[in-house]
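Working notes for the structure below.
The values are calculated or read from the model by the stated rules, or taken from the named source; none is laboratory data. This is a predicted model, so every value here is computed, not measured. Quick reminder, even Gly has a Cβ in these numbers, built from the backbone with ideal geometry, and neighbours come from all protein chains shown. Ligands, DNA and RNA are excluded from the accessible area calculation, which covers all protein heavy atoms including side chains. Shrake-Rupley method; radii C 1.70, N 1.55, O 1.52, S 1.80 Å.
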Amino acid sequence: MNIIVVGCGNVGKKIVEMLCHEKQHNITVVDTRSAAINALVNQFDVMGVVGNGASVDTLTDAGIKDADILITVTASDEINLLTCLIARKSGNCQTIARVRNPEYGKEIHLFKEDLGLAMVINPERAAAAVIARNLRFPAAISIDTFAKGRVEILKFRIPEDSELDNMKVADIVGKLDCDVLVCGVERESGTYIPHGDFTLLGGDYISVLVPLKTESKFFKKAGIKLGKVKNTIIVGGGETAVYLAQLLNESGIDVKILERDEKRCGVLCEILPKATIINADGTDNRQLLEEGIENTSSFVSLTNIDEENILLSMFARTVTDGKLITKINRIAYDDVINKLDLGTTICPKNITAENIVQFVRSMGNSMGSSNIETMHRILNGKAEALEFRINENSPIANKPLYSLNISKNTLVACIHRNGKILIPRGSDMMMPDDTVVIVTTATGVNDITDILD
C-alpha cells in the first residue's frame, strides 16, 4: 500500500519502523523539520517531504492522489484533523489521526465521516485502558486480550517455588488440569516459542494463552499468588491519570492521585468526584509514606519525566508488595528498562503505534483469505500475536492442523468458534468465521496463509 505518515516524532518513527519491517509498503514521511526527515530517510527505506502536512502542496508532493492511507501524528490535534480534511478533499485515501484533547474526543463522531477518518486514537485513553487491564491480574506483567475478551495472553515470572518450575510444557495441561498454552519463554539464554518437551525453570518469564474462565484456576494451581487490587496511588494528574481513575472507580477500586500543581488539583476534583486528590509532590518519598504507599495494593507512576517514574517505582519496590506500573515515554531505552525491576512498564507511544499498524494491516488484507482482528507484540517485541478471522475462501479452512506445513516458530494458539474457546490440537481445524490466534516470530504475517512454509 501507499502510505503517508505526517509527523516524525517518536510515534511517527515507531509507526514507520513497524511498517518498514513488513517490507511491502511504499511509505512517504512528512514533517516541517528537515533533520527529522533526514534521520528517517537515512535509517529506513522511505521517501521524505519537508513541509506542513496541512498544506495541499505538501500533500501533493507526498503523493496524496495515489495514497491508500494517511496517518497523521503531529503534536497538534488541530493540524492532524485539518490534514485529514485536506487529504479527504485532495485524494481518495483513508485517514488516521492522533487526537489527544478529550474535548475533541467528545465531538469528533459528528464529523468523522466528513474528514474521512477511518480511525481516531487517543494515546492517553489507550494507555489507561492497558493499565487498568493489568491491574486486574497483579501477578501478570502484561495482559493482551483476544476473542472479544474471552481469552488472554498473560506474561509473568515463574517463582522458584512454583509448580511450573522444572515442568515440561507438554505436562502442564495434565498436571494442572488447565487447558492453557505456553506461547513464549524468555530467559537469559534467549527467547523461545517452546515445543512440548521444553522444560520451564523458576525465574523464566513466560507468556501463556489462557481462556478467561480458566485464569484464576491456572494461577492457583501453578502456585502463583493472585492478590487483588483494592486501592491505588497514582503520581501525576495528567490525562492518563484521569482516564485511569475513571476506569478504576467503575471497578470499585479506591484511587488517590498526588499532583503538585494546585490549579490542576482543582480540575481533578471536579472531574473525578470519587477519587482522592492530594496537592503534593509525589516524587517526595516522605510524602508517599505519609499517604500510605506501604499499604497500597498498587502504585502507578505517571509523571511526564521518565527518570522520575523509574525512581518512583524503584522506591515503591522497597516499601510495598503492591503491583507497580511505570510509564515510559522514551522508547529508545527498552533494553535497559527491561532489566530494571519496575513491574509493568507502559509506553503510550508504543501502544499508539501498535494500534495504528494493526488497523493498517487489517485494511491491507481485507480482500485475502482472512482479516486481522487483533494484533499485539509480545516477548519484548520479538514476536507477534495476531488474531485472524477465517474467510470462506481460505485455502487452509476445514483442514486438520497436522496436515498443514506450518512455519517454524509459529503456533496456532487458539480457535474461537461461536463464543467457545478451543486450545487446538493436531486434529482440530480452522473453519470459516472462526477467529484464530497465531503467535509467531516471523515478519510480515498479514494473512493466515502466511504461516505456511
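Remarks
- Considering each residue of the range 258-266 in turn, none proves to be open to solvent by less than 70 Å² (accessible area, probe 1.4 Å), in contact (Cβ under 8 Å) with a residue 60 or more places away in the chain and within 19 Å of residue 283 (Cβ to Cβ).
Rundown of residues vs (1) open to solvent by less than 10 Å² (accessible area, probe 1.4 Å); (2) over 22 Å from the mean Cα position of the chain (by Cα); (3) over 25 Å from residue 446 (Cβ atoms), yes/no style:
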{"position": "43", "(1), (2), (3)": "no, yes, no"}
{"position": "64", "(1), (2), (3)": "yes, yes, no"}
{"position": "79", "(1), (2), (3)": "no, yes, yes"}
{"position": "90", "(1), (2), (3)": "no, yes, yes"}
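- Matching residues in the range 222-239 - criterion: being among the polar types (S, T, N, Q) and crowded, with 24+ Cβ neighbours inside 10 Å: 232
- Qualifying helices (runs of 4 or more DSSP H) (wholly inside the range 272-356; at least 2 residues being touching a Leu at 6+ places or on another chain (Cβ under 8 Å) and open to solvent by 10 Å² or more (accessible area, probe 1.4 Å)): 306-319
- Filter pass, residue 311 being of a type outside the set (Val, Ile, Thr) and at pLDDT below 95: yes
- Inspection of the range 240-247 identifies no residue that is small (Gly, Ala, Ser) and surrounded by fewer than 20 Cβ atoms within 10 Å (Cβ to Cβ).
- Residue match in the range 366-386 (condition: open to solvent by less than 60 Å² (accessible area, probe 1.4 Å), of a type in the set (A, V, I, L, M, F, W, C) and in contact with a Pro (Cβ under 8 Å, 6 or more places away or on another chain)): no
- Selection within the range 109-125 - assigned to a helix (DSSP H, G or I), open to solvent by 40 Å² or more (accessible area, probe 1.4 Å) and among the charged types (D, E, K, R): 125
- Looking across the range 387-417, the residues that are charged (D, E, K, R) and surrounded by fewer than 22 Cβ atoms within 10 Å (Cβ to Cβ) come down to 389, 392, 399, 408, 417.
- Cβ separations smaller than 8 Å between residues 6+ apart or across chains give the following pairs from the range 154-169 residues that are on the phi > 0 side of the Ramachandran plot to residues that are open to solvent by less than 50 Å² (accessible area, probe 1.4 Å) and of a type in the set (A, V, I, L, M): 166/200.
- Checked against (1) open to solvent by 10 Å² or more (accessible area, probe 1.4 Å); (2) within 19 Å of residue 359 (Cβ to Cβ); (3) not in a loop (DSSP other than H, G, I, E, B), residue 12 passes all but a single condition, namely (1).
For (1) modelled with pLDDT under 95; (2) touching a strand residue (DSSP E or B) at 6+ places or on another chain (Cβ under 6 Å); (3) within 18 Å of residue 93 (Cβ to Cβ), each residue gets a yes or a no:
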residue	(1), (2), (3)
4	no, yes, yes
11	yes, no, no
14	yes, no, no
17	yes, no, no
20	yes, no, no
24	yes, no, yes
32	no, no, no
38	no, no, no
47	no, yes, yes
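- Residue satisfying all of: in the range 82-108; among the polar types (S, T, N, Q) and assigned to a helix (DSSP H, G or I); farthest from residue 2 (Cα to Cα) among these: 83
- Residue check for residue 267: under 26 Å from residue 442 (Cβ atoms) and either at pLDDT 95 or above or not acidic (Asp, Glu) (or both): no
- Residue in the range 435-449 that is open to solvent by less than 10 Å² (accessible area, probe 1.4 Å), assigned to a strand (DSSP E or B) and touching a Pro at 6+ places or on another chain (Cβ under 6 Å) present: no
- Of the strands (runs of 3 or more DSSP E) that lie entirely inside the range 361-427, those containing 3 or more residues that are under 25 Å from the mean Cα position of the chain (by Cα), aliphatic (A, V, I, L, M) and at pLDDT 90 or above span 383-390, 410-417.
- Residue match in the range 160-183 (condition: within 25 Å of the chain's Cα centre (by Cα), of a type outside the set (S, T, N, Q) and farther than 20 Å from residue 436 by Cα): no
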